[in-house]
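Reviewing the structure listed below.
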Amino acid sequence: QVQLVESGGGLVQPGASLRLSCAASGLTLDLNYYAIGWFRQAPGKEREGVSCMSASDGSTNYAESVKGRFTISRDYAKNTVYLQMNSLKPEDPGVYFCAAETYGTNWCSPRAYDSWGQGTQVTVSS
């Protein structure tokens, strides 16, 4: 089965940058055959899509609140997914999860994904 392990979260001040990493293992296919995504969940809120990348054509999707600040990418040689987070704002914190889906979904919703990491905490505070 697919295993995903996130890292890179922490406590930062507004305007700072973080790069989250997600190491994948147990893949039955190369990483480029999976749709990948980053999601976040704040206390009392539903898990929401931050950024996703499709398996079919590599097209990307970003939440309106992070466009121009966050970038999703993947390193096929390392089986690793990244989320570069710049200009972090107080409304960005939460637990960030990486996820994968084996059928090439282009729907950036938690309900479309079937493999999940354990999450990494991001806190933005002045």
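The values are calculated or read from the model by the stated rules, or taken from the named source; none is laboratory data. As the structure is a computational prediction, the values presented were derived from the model and not from experiment. Note that we place each Cβ from the backbone using ideal geometry, even for glycine, and neighbour counts take in every protein chain shown. We work out accessible area using only protein heavy atoms, side chains counted, and drop any ligands, DNA or RNA first. Shrake-Rupley method; radii C 1.70, N 1.55, O 1.52, S 1.80 Å.
Here are the numbers for the structure shown:
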quantity	calculated
Candidate set from segment 103-126 (those that are touching a Ser or Thr at 6+ places or on another chain (Cβ under 8 Å) and not in a strand (DSSP E or B)); member that is modelled with the lowest pLDDT	Gly104
Unique match (being of a type in the set (Phe, Trp, Tyr) and under 18 Å from Gly26 (Cα atoms)) among Phe97, Phe70	Phe97
Segment 43-66 residues that are in contact (Cβ under 8 Å) with a residue 12 or more places away in the chain, paired with ones that are open to solvent by 80 Å² or more (accessible area, probe 1.4 Å) and assigned to a loop (DSSP other than H, G, I, E, B) (beta carbon under 6 Å, 6 or more apart)	Ser54/Asn106
Filter result for Ala55 (hydrophobic (A, V, I, L, M, F, W, C), closer than 18 Å to Val5 by Cβ and more than 12 Å from the chain's Cα centre (by Cα))	no
From the options Leu4, Leu27, Leu31, Leu88, residue that is of a type outside the set (Phe, Trp, Tyr) and touching a Cys at 6+ places or on another chain (Cβ under 8 Å)	Leu4
Every residue from segment 88-102 that is touching a Ser or Thr at 6+ places or on another chain (Cβ under 6 Å) and either part of a loop (DSSP other than H, G, I, E, B) or basic (Lys, Arg) (or both)	Pro93
Thr105 being among the hydroxyl-bearing types (Ser, Thr, Tyr) and closer than 19 Å to Tyr33 by Cα	yes
